[in-house]
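The values are calculated or read from the model by the stated rules, or taken from the named source; none is laboratory data. It should be emphasised that the depicted structure is a prediction, and the values quoted were computed from it without experimental measurement. Glycine gets a Cβ as well: all are built from the backbone with ideal geometry, and neighbour counts include every protein chain shown.
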Amino acid sequence: MGFFDTEKGVDEYTKMAEGYDGTELIKILQEYLSEKSTVLELSMGLGKDLDILSKTFTVTGSDNSQGFLDKYKKENPEEGLLKLDAITLSKDRTFDCIYSNKVSHHLTREGLSKSMRMKCTN
Ligand SMILES: C[S@@+](CC[C@H](N)C(=O)[O-])C[C@H]1O[C@@H](n2cnc3c(N)ncnc32)[C@H](O)[C@@H]1O
């Protein structure tokens, strides 16, 4: 079981992430991707970036941590989230863009390489 699979891990990350979001990164994405494009956020954590992305794009949030998915779902019960592993990406859906922030360093070199290949071929 990993750090983000525990309630303690989710709570600690919530405190750690206070005041940080992907606003600047998303501004760059908005320059290249048309409004309403479909975007999968891979490993959304608390969903702060998902909320920002949703103002411009048609978003789907995902994570492999049930704790993060449950936390977001509690405040956004209408949101359709995916429980998705960043390495295997095993879902039969395609998106115009996959957005992911502060996630790749959690994967091994091999996992990251596989994840990149899956993003391109799925
Ligand atoms: C540092 S947090 C970043 C969360 C969010 N993207 C943000 O910007 O605040 C890392 C996230 O990666 C997720 N994660 C780690 N390994 C993963 C994997 N193999 N598949 C999917 N998500 C993973 C964790 O559950 C956590 O939500």
Query raised in the report: Taking Glu7, is it of a type outside the set (S, T, N, Q), under 14 Å from the mean Cα position of the chain (by Cα) and closer than 23 Å to Leu107 by Cα?
Result: no
Query raised in the report: Which condition does Lys36 not pass, out of (1) within 14 Å of the ligand (Cβ to nearest atom); (2) at pLDDT 95 or above; (3) loosely packed, with under 15 Cβ neighbours inside 10 Å, if it passes all the others?
Result: (1)
Report task. For region 39-59, name all the residues that are near the ligand (Cβ under 7 Å from one of its atoms), more than 18 Å from Glu75 (Cβ to Cβ) and among the aliphatic types (A, V, I, L, M). Result -> Leu42
Report task. Six or more apart or on different chains, Cβ under 7 Å: which pairs go from a residue in region 60-71 that's within 9 Å of the ligand (Cβ to nearest atom) to one that's assigned to a helix (DSSP H, G or I) and of a type in the set (Asp, Glu)? Could you list them? Result -> Ser65/Asp5; Gly67/Asp5; Gly67/Glu7
Requested in this report: List every residue pair whose Cβ atoms lie under 6 Å apart, where the two residues are 6 or more positions apart in sequence or sit on different chains, the first residue falls within region 82-104 and is farther than 16 Å from Phe4 by Cβ and acidic (Asp, Glu), and the second residue, located anywhere, is at pLDDT 95 or above and more than 9 Å from the ligand (Cβ to nearest atom).
Outcome: Asp96/Ser37; Asp96/Thr38
Requested in this report: Evaluate region 98-115: report whether one residue or more is over 27 Å from Met16 (Cα atoms) and touching an Asp or Glu at 6+ places or on another chain (Cβ under 7 Å).
Outcome: no
**Report entry** In region 33-49, the residues that are free of Cβ contacts under 8 Å to residues at least 40 places away in the same chain and under 24 Å from Leu112 (Cα atoms)
**Finding:** Met44, Leu46, Gly47, Lys48
